[in-house]
Amino acid sequence: MNFLRNRLVVLGLVLLATVLLYLLLPSIRQGSMEPSLDVQRMGLVAVSPPPPPAINVSVRTGQLPGDPPLFFREALPVDGSGRQILPRLQVVLLHGQAFSSKTWEELGTLALLATNGYQALAVDLPGFGNSPDSDAVKTDQHRVDLLGRFMEALGVRTAVLLSPSMSGHYSIPFLMKHSAQLHGFIPIAPVGTRSYTPQQYQGIQPSTVPRESFLPPFLLCAALLAALWALHSW
């Protein structure tokens, strides 16, 4: 009986707090948007800071020949004035079951990475987007070879590989065989993780890329949030 009474009390407090927030938030928001009295007495007008200048990032597309041919999107790194610069790091973005490389462009992830000095590469996996399906990628080794062909053809060296959901069929076997070729691996609920033992995961060897070229936390968070948003919207 006491337990039930305590739960009812807690529920009542939560409801009361919700009602108070609902009543008070409009006035708080309005007050925070109005100039202060000191500013009004001085005859000044509160002005919001100007937005940061927009940087035009061009996303080029291409298709690698082979079986199957692979369609991809690429955003090259630029500085604050929009001039192309050498990449701090290369980031390869795979995609989930209901998406393609176009998803990363629409979410602004390619442009975000490019404006922060990173070369961003997003590929349409076979059977998705503009890449046709093929029987040549039915085994783990074939999928490892496909990712290796993609990276070699585009000059990718020790990249960060981002892999959500379905793309784990490609990224996990590649990680097991060629982890030293990757600077980092960002898994977002990838499939295929149970195909390997804990001992195999412990044997993964990291690359020896200098620490100053690491992907900053805010870019990592942005990429993760974009991928999670896409997964949620599906």
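The values are calculated or read from the model by the stated rules, or taken from the named source; none is laboratory data. All values reported here derive from a predicted model rather than from experimental measurement. In this analysis, Cβ positions are derived from the backbone assuming ideal geometry, glycine residues included, and neighbour counts consider all displayed protein chains.
In the stretch 95-118, the residue that is nearest to the chain's Cα centre (by Cα) out of those that are assigned to a helix (DSSP H, G or I), of a type in the set (S, T, N, Q) and under 16 Å from Ser163 (Cα atoms) is Thr109.
Just checking: which of the helices (runs of 4 or more DSSP H) contained wholly in the stretch 123-202 hold 1 or more residues that are in contact with a His (Cβ under 7 Å, 6 or more places away or on another chain)? Those helices (runs of 4 or more DSSP H) span 140-153. Restricting attention to the stretch 147-171, which residues are out of contact with any strand residue (DSSP E or B) (no Cβ under 7 Å at 6 or more places or on another chain) and surrounded by 24 or more Cβ atoms within 10 Å (Cβ to Cβ)? The answer is Leu147, Ser167, Tyr170.
One residue stands out among those in the stretch 66-96 that are farther than 21 Å from Gly148 by Cβ and touching a residue at least 60 places away in the same chain (Cβ under 8 Å): the one that is surrounded by the most Cβ atoms within 10 Å (Cβ to Cβ), which is Gly96.
Taking each residue of the stretch 139-158 that is closer than 18 Å to His183 by Cα and modelled with pLDDT of 95 or more and looking for partners that are assigned to a loop (DSSP other than H, G, I, E, B) and not β-branched (Val, Ile, Thr) with beta-carbon atoms closer than 7 Å, six or more apart or interchain, yields Arg149/Gly66.
Give the residues of the stretch 128-144 that are surrounded by fewer than 17 Cβ atoms within 10 Å (Cβ to Cβ) and charged (D, E, K, R), sorted by residue number. Of everything in the stretch 128-144, those that are surrounded by fewer than 17 Cβ atoms within 10 Å (Cβ to Cβ) and charged (D, E, K, R) turn out to be Asp133, Asp135, Lys138. Considering only residues in the stretch 172-190 that are among the aliphatic types (A, V, I, L, M) and under 20 Å from the mean Cα position of the chain (by Cα), the one that is surrounded by the fewest Cβ atoms within 10 Å (Cβ to Cβ) turns out to be Ala189.
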